[in-house]
1. Hey, what angle do you get for helix 48-58 against the long axis of the chain, alpha-carbon based, 0 to 90 degrees rounded to 10?
2. Helix 16-25 versus the longest principal axis of the chain: what is the Cα-based angle in degrees, 0 to 90, to the nearest 10?
3. Give me the three principal axis extents of the chain from the C-alpha atoms, as integers in angstrom, largest value leading.
4. Extending each Cα 7 Å along its Cβ direction at residue 48 and residue 82, get the distance between those two points in nm, one decimal.
5. Among 77, 36, what is the fewest-to-most ranking by other Cβ atoms within 10 Å?
6. Which of the trypsin sites (Lys or Arg not before Pro) found in the chain are loop residues per DSSP with 15 or fewer other Cβ atoms within 10 Å of their Cβ?
7. Given contacts defined as C-alpha pairs under 8 Å and at least six residues apart, what's the relative contact order of the chain, whole-number percent?
8. When the helix-only estimate is applied to the chain (DSSP H runs of n ≥ 4, each -39,500 (n - 2.57), divided by the residue count), what is the mean residue ellipticity at 222 nm, nearest 500 deg cm²/dmol?
Amino acid sequence: MIRTYLLNYDDGCGEEDEVLAFLDKRPEILNWSSFMPSSVLIVSESSLSDLTRIFTRRFRAGMFLLVDLKNTPTDGMLPNDTWDFINKPKVA
């Protein structure tokens, strides 16, 4: 099942371009959208625990938070296309 995850990371994980390049190389990541500094929406069929394992190996020097947004209440001020990305995940 395709799910949308929220990845938040600190500077110890690398610069934004490094993190995004890593996501581009991972076959588990079907799509992503960077909408705020240090925050990326990720579309994947992988489980939360599988993605956590992958990110833990890569981001050993930093901290990150990964949240499965399926059935998780979300609210805030984001552009409509970002809400569409969250609520209707698509493969790139």
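Bear in mind that the values in this text are calculations on the coordinates, not laboratory data. Please read these numbers as outputs of a predicted model, since none were measured by experiment. Every residue, glycine as well, gets a Cβ built from its backbone with ideal geometry; the counts of neighbours run over all protein chains shown.
1. The angle comes out near 30 degrees.
2. For 16-25 against the chain, the angle is about 80 degrees.
3. Result for the chain: principal-axis Cα extents of 33, 27, 23 Å.
4. Taking the two extended label points, one gets 2.2 nm.
5. Numbers: 77 5, 36 10.
If I rank by nearby Cβ atoms, fewest first, I get 77, 36.
6. Working: sites: 3, 25, 53, 57, 58, 60, 70, 90; in loops: 60, 70, 90.
Counting only loop positions with at most 15 other Cβ atoms within 10 Å, the trypsin sites (Lys or Arg not before Pro) in the chain are 60, 70, 90.
7. Numbers: 131 pairs, mean separation 41.0, N = 92.
RCO, the chain: 45 percent.
8. Numbers: 3 runs with 29 residues, N = 92.
After summing the helix terms and dividing by residue count, I get -9000 deg cm²/dmol.
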